[in-house]
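A quick write-up on the structure given underneath.
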Amino acid sequence: MLICTSSLKAEVLNIGILANKKVTSFIFSPQVGSYTIYTENGKLTEVSIEDIIQLTFSNNQIVLKSLDKDYGTFKKVKFIGTSWRNSFKIKTHQPEGKLTFYEDNLLVSINNYYNQLSLINNVDIDNYVAGVVESEVGRSPPPEYFKLQAIICRTYALKNIDRHQAEGFSLCDQVHCQAYNGQPKSNVIKNAAIETKNVVIVDSDINLITATFYSNCGGQTANSEDVWSQNLYYLRSVTDTFCIKENNAIWTKKIAKTDWINYLTNKYNFPKLETYEECGLDYFQCRREQLFENQNIKIPLIDLRKDWNLKSALFDVITMDDDIILQGKGYGHGVGLCQEGAMRMAKLGYSYAEILHFYYKNVHMIDLHALDFFKEDF
Ligand SMILES: [Zn+2]
Ligand SMILES: [Zn+2]
């Protein structure tokens, strides 16, 4: 039986699932193995494959039923796997949802504030990591890439393990933490998580790194301090030729010249006359920079990216008669690992370790159990 824990060397994580769906009614059924149901009063019953249990939120209680039995109302219901391997399926009724599969255990409680059920998947970290890899990158990348992404997702999960502490779980299943849609379909992805079991990335002080990634850097990654305030020595700008022919390498956006000029003059006090005469648009960003500049006026490029919903903060400005064209490179913030570049490297035969060291400078891969060993020395 798995137990709940939130220590750094956690091998089991509590993932808040389907909270955004505002579930008030769903059915649970074992897919593999068997389960015991516990409530706040202790052990209730055992369920096996084909058994269907319905849980409904009503008057701040969970109403628990099977097809032929009413079990009563409870505050907490836990489905704990009792076989060597256990997985289950759930289907939400309110709102109507599709069948989803998860590994390991399920904890259900009441969310009084939102009047809905709170579902937590108490899951082995490698099962979680495999689910995240498939949810985040799909099934098409090469196998070596899945190993790399598994190490990154594991490191990210452990680094952010307290993110939802106040809500009673570790991480949510949305992109806010890492997208997680439960059990992956791909055995290659499952194997990637198992083959990299316990491997995490640490900095020179043996702290888990901030393992950031994004779709495409456009040919040059960004320094962490150019995008966020924090300077992390391992998140350095590198020239990346691997991604420049991939899907998200370039983008363009057309904006009416008057809209662009009004934005620059109204929001940032760009000199209006000069802006019109010279358009103030002879801007050419040949490499990663932080600021869009005109004389003393400096606009952080990450602000332009946000305000105009741009794919990246790496772009040139081309002036037309009535419009300006932003000609951009890459997709995402640009800090850390470039996914399309890394996938290309994997296709070319680079190992996950080589790819990782290309994008994260002077980091180390260690067994997560060694984290505590190193910490005990201090
Ligand atoms: Zn989250
Ligand atoms: Zn790249």
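Read the figures in this text as sums done on the coordinates, not as results from a lab. Keep in mind it's a predicted model, so treat the numbers as computed, not measured. Every residue, glycine as well, gets a Cβ built from its backbone with ideal geometry; the counts of neighbours run over all protein chains shown.
Points worth noting:
- For the chain, the 222 nm mean residue ellipticity estimated from helices alone, with every DSSP H stretch of n ≥ 4 adding -39500 (n - 2.57) and the total spread over all residues, rounds to -7000 deg cm²/dmol.
- Over 20 Å between alpha carbons, listed pairs Lys43/Lys76; Lys254/Lys311; Lys43/Lys75; Lys89/Lys159: Lys89/Lys159
- Residues Val47, Val188 arranged by fewest to most Cβ contacts within 10 Å: Val188, Val47
- Of the trypsin sites (Lys or Arg not before Pro) in segment 9-114, the ones in a loop by DSSP (not H, G, I, E or B) with at most 11 other beta carbons within 10 Å are Lys69, Arg85, Lys98.
- Helix runs (DSSP H) in the chain reaching 15 Å along axis by Cα, Kyte-Doolittle at least 0.0: 125-137, 143-159
- Computed over segment 12-172, the convex hull of the alpha-carbon atoms projects to a mean area of 9.9 nm².
- Ranking of Val132, Val77 by count of other Cβ atoms within 10 Å, fewest first: Val77, Val132
- Candidates Asp321, Asp303, Asp205: whichever shows maximal mean-square fluctuation once the chain is modelled as a Gaussian network with Cα springs under 10 Å: Asp321
- Dimensionless Rg over Rh [the chain; C-alpha; Kirkwood]: 1.06
- Segment 167-207 shape via C-alpha gyration tensor axes, a/c threshold 1.5: oblate
- For the pair Glu167 and Asp316 in one chain, pulling the backbone fully straight at 0.36 nm per residue adds 49.3 nm over the alpha carbon distance.
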